[in-house]
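Quick notes on the structure that follows.
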Amino acid sequence: MRALFISDLHLSEERPEANERFFEFMEGEAASASALYVLGDLFEYWIGDDDLDDPFNAVIAGFFRRLGAAGIRVHLMHGNRDFLLAQGFCRATGAVLLQDPAVVEGTLLMHGDTLCTDDLDYQNWRAIARSSRWQAEFLGKSVAERRRAVRGLREKSKEVIQAKPREIMDVNDDAVRDAYRRHGVSRLVHGHTHRAGQHRMVVDGKERERWVLPDWYGRGGYLEIKDGKPRLVRW
C-alpha cells in the first residue's frame, strides 16, 4: 500500500506555477499510488458544484477522474476555502468525500483548522459558514454574485491574517492532545497551518506523531505512507 496525502494547494487560474506542479504530480507520483487523500483547500475557493462547467475547474476535475478510472482511490476533505465541495463534484470525479476528522487505517486525518482553537475570530466565522442557513443563502445567489462575494472575503481575510499574531493561527497543543485521546491514535496528519514537518508529543505516557502537510505556495510537497511508514517529500 502506498498512500499520498496533500493539502493547501489553493489552485486557481491566478497561480499557474502551482497548477503546473499539480498536473505533473497527478500524472507522475499520484498515478503510481494506491490512494490519494486531499485534506482540504484543493482550490483557492469553491463557490458551489454548479461551477464545474468553468473551464479551469473542469480541467482539475478531469485529472481526478482519470486517477479513479485507473483504479486509484481518491478521497477529498473540506478545507476552509473549499468547504462547499459536494456530491456533484464527487460524481464528476469519482472521488469520495471524507468527514473531518476521519480515521483511516489507524491514522487520524484532519484539515487542521479545528485544532487552531486560539483563533477565536476564525472559529466563529467557521461556525457561521458551515451552517446550513448560511450555505443555503450563499448558494441561492447567482454564480457571478458568489464570485464577487468570495473575492471580497479573500481580500478581507488577507487583511485580518496580517494583523494577527502567528502563534494563534497554529494548532493548540491541548486540542491536539484531545484529538489523540478521542480517536485513540498515535498518528495525526493535517494541513491548514502551512507549517510543514513532523512533530512529536507525549500524551498519557505514549509518544505520538503529527505530520503537517506543506502548502503549495512555495516549495510544495506531499506525505507518502508506504507499508505504514511515513515520509515527507518536498520539491
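The values are calculated or read from the model by the stated rules, or taken from the named source; none is laboratory data. Note that the structure is predicted; figures quoted are calculated from it, not measured. Because the Cβ atoms are built from the backbone with ideal geometry, glycine has one as well, and the counts that use them run over all protein chains shown. Note: accessible area is taken over every heavy atom of the protein model, side chains too, but ligands, DNA and RNA are not part of it. Shrake-Rupley method; radii C 1.70, N 1.55, O 1.52, S 1.80 Å.
Trp46 contributes about 10 Å² of solvent-accessible surface, heavy atoms of the protein only, 1.4 Å probe. Residue separation of Arg166 and Glu13 scaled by 0.36 nm, minus their Cα-Cα distance, works out to 52.3 nm of gained length. Taking other residues whose beta carbon is less than 13 angstrom from the beta carbon of Asp8, and scoring Lys, Arg as +1 and Asp, Glu as -1, yields 0. Entry comment: accessible area of the chain is 49 Å² per residue, from protein heavy atoms only and a probe of 1.4 Å.
For Cα extents along the principal axes in Å, the value computed from the atomic coordinates appears in the list [x] 54, 42, 31; [y] 57, 33, 30; [z] 57, 37, 32 under label [x].
Once all protein chains are placed together, Ile161 keeps about 80 Å² accessible to a 1.4 angstrom probe. Taking the accessible area of the chain, probe 1.4 Å, and keeping the other protein chains in place, the carbon and sulfur fraction comes to 49%. Estimated from the Cβ-Cβ distance and a Förster radius of 25 angstrom, the FRET efficiency linking Asp121 and Asp53 is about 0.15. In order along the stretch 140-145, phi translates into HN-Hα couplings of x, 7, 5, 4, 5, 5 Hz, rounded to whole numbers, per the Karplus curve 6.51 cos²θ - 1.76 cosθ + 1.60 with θ = phi - 60° and x for Gly and Pro.
Residues Lys164, Lys226, ordered by accessible area of protein heavy atoms at a 1.4 angstrom probe radius and largest first, appear as Lys226, Lys164. From the largest down, the stretch 68-175 spans 46, 40, 23 angstrom on the principal axes of its Cα atoms.
Per-residue ellipticity at 222 nm computed for the chain from its helices equals -11000 deg cm²/dmol, with DSSP H segments shorter than 4 residues left out and the rest contributing -39,500 (n - 2.57). The alpha carbon centroids of the stretch 1-31 and the stretch 100-141 are separated by 23 Å. On full extension, the segment bounded by Ala175 and Lys226 gains 15.6 nm, given 0.36 nm per residue less the C-alpha separation.
Its residues counted as N, the stretch 3-125 yields a C-alpha radius of gyration over 2.2 N^0.38 Å of 1.04. Applying the Karplus relation 6.51 cos²θ - 1.76 cosθ + 1.60 with θ = phi - 60° to the stretch 114-124 yields 3J(HN,Hα) values of 6, 7, 8, 6, 6, 8, 5, 4, 5, 4, 5 Hz, where x marks Gly and Pro. Going Cα to Cα from Lys158, which lysines come in below 25 Å? Please leave out same-chain ones fewer than 8 positions away. Of all the lysines, those that pass the test against Lys158 - Cα under 25 Å, at least 8 places apart if same chain - are Lys141.
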